[in-house]
1. Of the numbered conditions (1) over 14 Å from the mean Cα position of the chain (by Cα); (2) crowded, with 17+ Cβ neighbours inside 10 Å; (3) within 19 Å of Ala39 (Cβ to Cβ), Thr79 fails exactly one; give the number of that condition.
2. What do you reckon, is Phe121 on the phi > 0 side of the Ramachandran plot and hydrophobic (A, V, I, L, M, F, W, C)?
3. Looking at the stretch 48-69 only, could you name the residues that are surrounded by fewer than 19 Cβ atoms within 10 Å (Cβ to Cβ) and under 27 Å from Leu92 (Cβ atoms)?
4. Going by the structure shown, is Gly10 in contact (Cβ under 8 Å) with a residue 12 or more places away in the chain, in a helix (DSSP H, G or I) and closer than 29 Å to Leu131 by Cβ?
5. What is the residue count in the stretch 17-47 for residues that are buried (at least 16 other Cβ atoms within 10 Å of the Cβ) and either closer than 16 Å to Val74 by Cα or among the basic types (Lys, Arg) (or both)?
6. Specify the residue that is farthest from the chain's Cα centre (by Cα); the eligible residues are those in the stretch 116-139 that are farther than 19 Å from Tyr59 by Cβ and at pLDDT 90 or above.
7. Considering only the stretch 30-48, state which residues are over 27 Å from Pro113 (Cβ atoms) and in a helix (DSSP H, G or I).
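The values are calculated or read from the model by the stated rules, or taken from the named source; none is laboratory data. The structure presented is a predicted model; accordingly, all values stated were derived computationally and were not measured. Positions of Cβ are backbone-derived with ideal geometry, glycine not excepted, and every protein chain shown enters the neighbour counts.
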Amino acid sequence: MLSAIGYILGVSYPVLALSTGVRAIFQLFFKDNVVNYLAPSLSAVAAACYLVAAVGFLYRRRWTWYLSVIVLGVETLMTLVVGTLSLLYPDLIGRTVWHHFGIDYGFFPLFQPLLGLVWLFWPETLRAYGLRGSTRAAA
């Protein structure tokens, strides 16, 4: 069951990376009359985070576990900071993936990294990555 959750995260993260990445590319390079490049730039950063996190979910190595924890921590922090700022200063932040805590994406940007962190710190997951127990993965 726990392995299935990891694979679901490994599939859902690239889908989110694709959707946010395409949105960022469109807004940065093809959309007319863009005056604030902060929102598409933040969406591009989010897409990169989602793609890197997917690597950590799909490849069970010690280094990918650490990489995923760092990326999901940054992603969670950015979702909270940008989400809060988008409520306080909507004109400054614009419509980024983290706008209003990911409202345009069904709040996935808010809860998905938290679920990923819970999964990464689960004892069975730690063993699968070679961080606990006798099943050591190559670093």
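1. For Thr79, the failing item is (1).
2. For Phe121, the condition - on the phi > 0 side of the Ramachandran plot and hydrophobic (A, V, I, L, M, F, W, C) - is not met.
3. Across the stretch 48-69, the qualifying residues are Ala48, Leu51.
4. Yes, satisfied.
5. Looking only at that region, the number is 8.
6. The qualifying residue farthest from the chain's Cα centre (by Cα) is Pro123.
7. Passing the criteria: only Phe30.
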